[in-house]
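Single-structure report; data block below.
Each reported figure results from applying straightforward, stated rules to the coordinates on display, with no laboratory input. Remember, predicted model here, so these are calculated numbers, not experimental data. Cβ placement follows ideal geometry from the backbone for every residue including glycine, while neighbour counts extend to all protein chains displayed.
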Amino acid sequence: MPIDQIPIGKFSFMTRLTQKALRLYDRKGLLVPEAKDSFSGYRYYTVAQVERGMTIKTLAYLGFSLDEIAVLLDAEGTGNCEVIEACFKKRLENIRLEIGQLQKIEGILQGACKQDGKILELFKMSVTDPVIKEVPEMRVISKREKGVYAVTIGKLIGELCACVDSPENRRNRVKVTGPVMFLCHDEEYKEEDADIEVALPVSGRISVEDPKMEVRTLPGIRAISVVYRGPYQGVEAGYSRIFAYAAEKDLEPLGHFGPSRELYFNDPAEVPEEELMTEVQLPVK
């Protein structure tokens, strides 16, 4: 065996990567052994591959997926610093979001000892009785993107508010006429790549420079409505109440009647989570 051929066991010890992980990286094309025994299939690595193995281990520790690691390794190989910087920036944004979520979870669990054993009450939430209401059509400025709910909704709200608050729109006396709302265009929950539209009711002659924004009229709908009070993580309680009501009253929800809507009545930067007010509207026949 040549001196520079390192068996998988020794290579595993040198890089602190398990043999299971090394076999996975081989299948994914991330770290392919320089040689394989044609009879036994045994893998052999080289000293030059140790650094690549340690790089993969570091990126995995930082939370990058295998697909993201492949992109980063290719970018490093071609000297594409822009791709590397973009991947790191995206991961940093996700980490900050995760930190915020963990801090919220910490607060909930710290207060758990004060509860009476009812798990849902950990969220300090409440839902009003469902009502059927006629929602009139309304003129809105909206923007639609795909992404992660918490990140994308907040981002789009900020962009719409900035548009309304532009110098030209202030001169034109453009006014916000209702709460900001999220329109869900998916028929199932998606952790990523969710189809998200955020709309802001407005009046006045509004100027829009972003080609992805549009001024349009949301159609009037007949909807089951509840108002949910509590952190956004628990808004499913509102949907649960609505769907139970729809089943009880034999009402047909969603379909071609339009996306569900969430209307946000206050700002999480200004009030405690337990005081956040969200109206959930589900269009029905």
Legend entry - Which listed residue, of E270, E279, E248, is of a type outside the set (K, R) and farther than 14 Å from V131 by Cα: E270
Inset, instruction - Could you give me the residue pairs with C-beta distances under 9 Å whose first residue belongs to the stretch 191-202 and is under 9 Å from V148 (Cα atoms) and in contact (Cβ under 8 Å) with a residue 24 or more places away in the chain, whose second residue is surrounded by fewer than 18 Cβ atoms within 10 Å (Cβ to Cβ) and aromatic (F, W, Y) wherever it lies, and which are 6+ apart or on separate chains? - result: E191/Y149; A194/Y149; I196/Y149
Legend entry - Restricting the stretch 59-109 to residues that are polar (S, T, N, Q) and not in a helix (DSSP H, G or I), the residue that is farthest from the chain's Cα centre (by Cα): N80
Legend entry - Sole residue being acidic (D, E) and either assigned to a helix (DSSP H, G or I) or surrounded by 20 or more Cβ atoms within 10 Å (Cβ to Cβ) (or both), chosen from E274, E270: E274
